[in-house]
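Colleague: The structure follows.
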Ligand code: ARG
């Protein structure tokens, strides 16, 4: 890894002066972020990291002084061409030609694995991760929260796979419950077999809306209850109707997810765990964890004092299970089936309590692996509407973003030269959606705006796609450069160096995202890379083509991690 060889070299210098093993120092040496203000140093070493309790005992002034003293004791060598002291840091500048040569060679060599092969990840053990995401409810709305879960879960899965972990992607459908009682009855009156086959999601939703209106009367309510009861009793005919609804819905989902570049290894759902939930209730009872309330419901006491001040209801008074009971069964089943090291659930933050309760009950049941379960939550998005109005189907969002993007492209007259404008518009539009969503912390809420998302300038996915397409076409026009004949001396202007310095940081950025599972680090990295490249486009010659190739390679890898398919024209 390019940055790695430099970090090692700096660490070995420091180790002699400080009399500390280089391994302990490497983690405190980081590539300096390229900010708007150009900087000269490439790496910095933080003094605070070698002083224990530095924050409490050491005054900032002391840190400055120590940085100065340390800098004075270090010498430049064939790798490091400049050493200076900053506020609490010692700054290192790498020999300019070596910087260019090493970075370019490394990107060339590692290709799409550049960054992930870094020694920063060498101590991270390879793991098996189950990632559950998207999880819409059949016959109900696919709301923006499901869209967010889909793209966030996909990002986490992509990142884990890129880092060499084994990943199982699960879609846990809302495919059981009273809604199927209503749907079964509704289909008898309002259903249409043709429509069910051609567009199941839309048709089932329509039937569900219609029957809900009709369900005011007691007769319909009773019929729905009967239908659902038959379903719970596994009446063959009833079950086959339910299965048809489910199968056709999944088929359509698979097709739509494909437009997003998303796939799942497993479609499971609440229906799977309906019966297993009874076994869970039995286990809870055997372990003495199930308590009956006066109303006859079953609860698990989650309070510290065991005074029922915090409880989780796991059983209705008629003995049937609830959402959380099915989740308990699902978690245990996934452990048995996959022996995972970590399990991640991706939903909006309104379900945080639910997952906290889930993990606590598992722990009380004696499953220590509950500590390795994680809920990745995200904030609410307001104001996403399509021309048809409120978002009901995932497909509506995809069609809307595609048609808006196509319109923008047509108005700037770029579509003529593009081979497949519709597909390009879709990919660029999706990039816009993803970047708008990933720019901030996942936990923050935001106000959705089509105009802001689809802007071609500024921090948008359109800008990333544009940069990628531009780099691609420069390579097309000027021919592919060969790394061997590059004269790196030609890459010494400040703008080219900024790009190189930035490429140097990619592993650290991936590392951060892998630690906190926030895509925003990668997003801002790619946006900065694109901004740094903007200036360099003015001058094109051989050495720059190599730089462009390297930059495009990193840009493409990062975009793919985020779930974006880079376009080559737009
Ligand atoms: N289907 C649920 C919903 O739409 C999300 C499922 C989340 N996952 C889970 N294991 N409970 O709200």
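Colleague: The stretch 132-179: D in µm²/s via Stokes-Einstein (Kirkwood Rh, Cα pairs, 20 °C, 1.002 mPa s)?
Modeller: Value of D from the Cα-based Kirkwood radius: 183 µm²/s.
Colleague: Along the Cα→Cβ direction, 7 angstrom out, place labels at residue 69 and residue 236. What is the inter-label distance in nm?
Modeller: The modelled label-to-label distance comes out at 8.8 nm.
Colleague: Put a dot 7 Å past each Cα toward the Cβ at residue 279 and residue 477; how far apart are the dots in nm?
Modeller: In this crude label model, residue 477 to residue 279 measures out at 6.4 nm.
Colleague: Suppose the chain between residue 190 and residue 229 were pulled fully straight at 0.36 nm per residue; how much longer would it get relative to their current alpha carbon spacing?
Modeller: Taking residue 190 through residue 229 to full extension adds about 11.9 nm, to one decimal.
Colleague: If you take the beta carbon distance between residue 202 and residue 451 as r and set R0 to 22 Å, what does 1/(1 + (r/R0)^6) give as a FRET efficiency, to the nearest 0.05?
Modeller: 0.20
Colleague: What FRET efficiency comes out for the pair residue 12/residue 565, r = Cβ-Cβ distance, R0 = 41 Å, nearest 0.05?
Modeller: 0.45
Colleague: How would you order 453-465, 75-87 from highest to lowest mean count of nearby Cβ atoms within 10 Å?
Modeller: Peptide ranking by packing, descending: 453-465, 75-87.
Colleague: So what's the convex hull volume per residue for the Cα atoms of the stretch 394-562, in Å³?
Modeller: Hull volume over Cα atoms, normalised by residue count, gives 123 Å³.
Colleague: How many Å³ per residue does the convex hull of the Cα positions in the chain occupy?
Modeller: Normalising the Cα hull of the chain by residue number yields 183 Å³.
Colleague: Here's a follow-up. Per the helix-only calculation at 222 nm, which mean residue ellipticity applies to the chain, given -39500 (n - 2.57) for every DSSP H run of n ≥ 4 and division by its residues, nearest 500 deg cm²/dmol?
Modeller: The per-residue figure over the chain is -17500 deg cm²/dmol.
Colleague: Relative to the longest principal Cα axis of the chain, at what angle does helix 494-504 sit, 0 to 90 degrees, rounded to 10?
Modeller: 50
Colleague: So what are the three principal axis dimensions of the stretch 367-471 from its Cα atoms, in whole Å, longest to shortest?
Modeller: Its Cα atoms span 60, 36, 23 Å along the three principal axes.
Colleague: What spacing in nm lies between the two simple spin-label points modelled at residue 420 and residue 119, each 7 Å away from Cα in the Cβ direction?
Modeller: 4.3
Colleague: Another question, if that's okay. Where does helix 276-286 land angle-wise versus the long Cα axis of the chain, in degrees 0 to 90, nearest 10?
Modeller: It works out to around 90 degrees.
A short reminder: the numbers here are calculations on the coordinates, not readings from a lab. Note that the structure is a prediction, hence the values are computed from the model and not measured. Don't worry about glycine lacking a Cβ; one is built from the backbone with ideal geometry, like all the others, and counts go over all protein chains shown.
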